[in-house]
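Enquirer: This is the structure I have questions about; it appears just below.
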Amino acid sequence: MTQVPTPSLTLTVNGQTIAVQAAPETPLLYILRNDLALNGPKYGCGLGECGACAVLVDNKAARACRVPVAAVVGKSVRTLEGLGTLATPHPVQAAFIAHNATQCGYCLNGMIIATVALLHRNPHPTETEIRTALRHHLCRCGAHLEILAAVRAAALVPA
Ligand code: FES
């Protein structure tokens with residue numbers, strides 16, 4: 001039996017051009033975590049339902065567990081690691097820190113990515129728009145009030 005060679009795919013992740021060897025249908029999340037050591041995106045449900053794996057694809061939030069890696073060729077992928085640094089966090093990260101908007105932290109990646117995507121398309125969201133943007137991101141600890149406070153605060157920072 002002839003073995004099909006694994007193709008090389010060229011990705012743009014956090015501003016860097018990277019070649020990976022992967023079957024085209026491999027979930028983007030596996031490539032980010034296993035091949036590129038970008039562990040901001042988390043594996044939660046693997047079904048596109050919890051939001052823990054969210055990343056930005058061309059500035060829109062996407063569930064990396066459900067996106068085949070081939071679908072992001074030619075697009076810009078940004079992960080939590082590409083937003084800010086410990087020394088200079090992104091304004092949304094800074095707002096989450098300032099408002100203690102976490103407990104276990106597992107949902108935090110998705111909450112922050114969803115907030116960055118929201119503020120990119122709508123810099124001044126209403127309370128309803130904030131809640132709608134985050135409603136499919138599951139937090140099991142119950143940090144919702146602090147998370148909402150952080151998003152409201154981030155929306156007040158000039159973009
Ligand atoms: Fe992707 Fe839950 S791990 S949505």
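The values are calculated or read from the model by the stated rules, or taken from the named source; none is laboratory data. Since we're looking at a predicted model, the values are computed, not measured. With ideal geometry, Cβ positions are generated from the backbone for all residues, glycine too; neighbour counts draw on all protein chains shown. With ligands, DNA and RNA removed, areas are computed over all heavy atoms of the protein, side chains included. Shrake-Rupley method; radii C 1.70, N 1.55, O 1.52, S 1.80 Å.
Enquirer: I'd like the Karplus ³J(HN,Hα) series for the range 116-133: coefficients 6.51, -1.76, 1.60, θ = phi - 60°, whole numbers in Hz, and an x wherever there's a Gly or Pro.
Expert: Working through the residues one at a time gives 4, 5, 4, 5, 5, 8, 8, x, 10, x, 7, 4, 5, 5, 5, 5, 5, 5 Hz.
Enquirer: Right, next: With all protein chains present and a 1.4 Å probe, how do Lys60, Lys75, Lys42 order by accessible area, largest first?
Expert: I get Lys60, Lys75, Lys42, largest accessible area first.
Enquirer: Please report the Cα spread of the chain along all three principal axes, rounded to whole Å, starting with the longest.
Expert: For the chain, the Cα spread along each principal axis is 58, 29, 27 Å.
Enquirer: Order 82-90, 20-28, 48-56 from most to least packed using the mean count of other Cβ atoms within 10 Å.
Expert: Order by mean packing, descending: 48-56, 20-28, 82-90.
Enquirer: Moving on. How much mean residue ellipticity at 222 nm does the chain get from its helices, if each DSSP H run of length 4 or more adds -39500 (n - 2.57) and you divide by all residues, to the nearest 500 deg cm²/dmol?
Expert: When only DSSP H runs of four or more count, the value is -8000 deg cm²/dmol.
Enquirer: Taking H as built 1.01 Å from N, whose amide H comes closer than 5 Å to the amide H of Leu11, not counting residues under 5 places away?
Expert: Ile18, Ala19, Val20
Enquirer: Moving to a separate point now. With the other protein chains left in place, how much accessible area per residue, in square angstrom, belongs to the chain at a 1.4 angstrom probe?
Expert: 55
Enquirer: Also, quick follow-up: Given Cα pairs under 8 Å that are at least 6 residues apart, what percent is the relative contact order of the range 24-145?
Expert: The value is 27 percent.
Enquirer: Convert each backbone phi in the range 47-54 into a coupling constant with the Karplus relation 6.51 cos²θ - 1.76 cosθ + 1.60 (shift: θ = phi - 60°), then list the ³J(HN,Hα) values in order as whole Hz, x for Gly and Pro.
Expert: 3J(HN,Hα) across the range 47-54, in whole Hz: 10, x, 10, 9, x, 5, 9, 4.
Enquirer: When the accessible area of the chain is computed with all protein chains present and a 1.4 Å probe, what percentage of it is carbon and sulfur?
Expert: Of all accessible area on the chain, carbon and sulfur atoms account for 56 percent.
Enquirer: What list of ³J(HN,Hα) couplings, whole Hz, do you get for the range 147-154 from phi and the Karplus terms 6.51, -1.76, 1.60, once you set θ to phi - 60° and write x for glycine and proline?
Expert: Karplus values, whole Hz, x for Gly and Pro: 5, 4, 4, 5, 5, 4, 5, 5.
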